[in-house]
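Here is the structure we will look at, set down as structure tokens.
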Amino acid sequence: MKVILGFIVITLGFAFSLDHLNQSVSQYWDAIAFFMVFFGTLSVAVITSPSLKVGNIFKFLMRSLFAGKSLREDTVKNSLNVLKGRIPTGEPSRIDQRILLDGFELLRLGYSADKIREILSNRIYYYIQDASSVAQWIRGLSKYPPAFGLAGTVLGLIHLMKGLSEGADPKETGVRMAVALVATFYGIIVANVVTNPIGDKLLNNAKEDQNLAEISLATIVMIAEKTDYLTAIEQLNNYMPNKFKQLDFNQVMMDAS
């Protein structure tokens, strides 16, 4: 959701700029420039895409667009429910939920705390590796749109020079120069408004997913080690942001009871 909000803000900024310059959006549209930047970047995206299922890549990308709120309190609440012996139900949609569900199954099978920690830590590690690879892939794409934009500009300049050799008037020359520069503009926008921000967002999501998964892992290990409930509560309290450690965390415990 934050990514969508960011797109709305930059669109408003661009609209206000055009209004101040008394220009229209149509003056910044050029099909050749668009095709060069869009399809050029798309080709590189296909070539450099990570070795993951398309569905998994799509899932990570969708989360970058629509995940906005902090899930820390929700994860702690789920952990409290597990401490109370409430078995997670349903298909888990997040890694922290999956760790709780898998951990509960490992507990039921009688695995030791050390073995559970080893198994679940490996699952977290490979999940974060996949999420990070998608993030790095998107971030890596950011260096290509300006290059393809420059290529579009070169094509436009070639067209301009041919026009000059054929005796184009100054007005037409100015128009052709403006069209040539639009390709570079497209490349800068795609790199700094789309690929770089989304890549950074994906990387931040991966780090937060790791934090949430470690909360779930700690919960399962505490159950395996038969940690008393009060100590487990205090351990979970350590994962809460400072501003939530008192009132909000107590409210979470009341909701879980």
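The values are calculated or read from the model by the stated rules, or taken from the named source; none is laboratory data. Quantities reported herein were computed from a predicted structural model and do not represent experimental measurements. With ideal geometry, Cβ positions are generated from the backbone for all residues, glycine too; neighbour counts draw on all protein chains shown.
Would you pick out the residues in region 14-54 that are in a helix (DSSP H, G or I), touching a residue at least 12 places away in the same chain (Cβ under 8 Å) and farther than 19 Å from residue 155 by Cα?
Result: 44, 45, 48.
Of the conditions (1) out of contact with any Phe, Trp or Tyr (no Cβ under 8 Å at 6 or more places or on another chain); (2) assigned to a helix (DSSP H, G or I), residue 119 satisfies every one except a single condition; which number is it?
(1)
Step by step: first the residues of region 127-183, then only those that are in a helix (DSSP H, G or I) and among the acidic types (Asp, Glu), then the one that is nearest to residue 203 (Cα to Cα). Which residue is that? Break it down stepwise before answering.
Looking only at region 127-183, we keep the residues that are in a helix (DSSP H, G or I), and these are 127-141, 145-165, 170-183.
Remaining after also requiring among the acidic types (Asp, Glu): 130, 172.
Numbers: 130: 11, 172: 46 Å.
Checked region 127-183; the qualifying residue nearest to residue 203 (Cα to Cα) is 130.
Kindly provide the set of residues from region 68-115 that are among the β-branched types (Val, Ile, Thr), modelled with pLDDT under 90 and part of a helix (DSSP H, G or I), ordered by number. Break it down stepwise before answering.
Our first condition is that a residue be among the β-branched types (Val, Ile, Thr); within region 68-115, this holds for 75-76, 82, 87, 89, 95, 99.
Checking the rest, the ones that are also modelled with pLDDT under 90 come to 75-76, 82, 87, 89.
Passing the criteria: 75, 76, 82.
Being at pLDDT below 75 and of a type in the set (A, V, I, L, M, F, W, C) is the filter here, so list the residues in region 144-177 that pass it.
Result: 164, 168, 175.
Assuming residue 35 fulfils every condition listed in (1) modelled with pLDDT under 85; (2) surrounded by fewer than 16 Cβ atoms within 10 Å (Cβ to Cβ) apart from one, which condition is it?
Every listed condition holds for residue 35 apart from (1).
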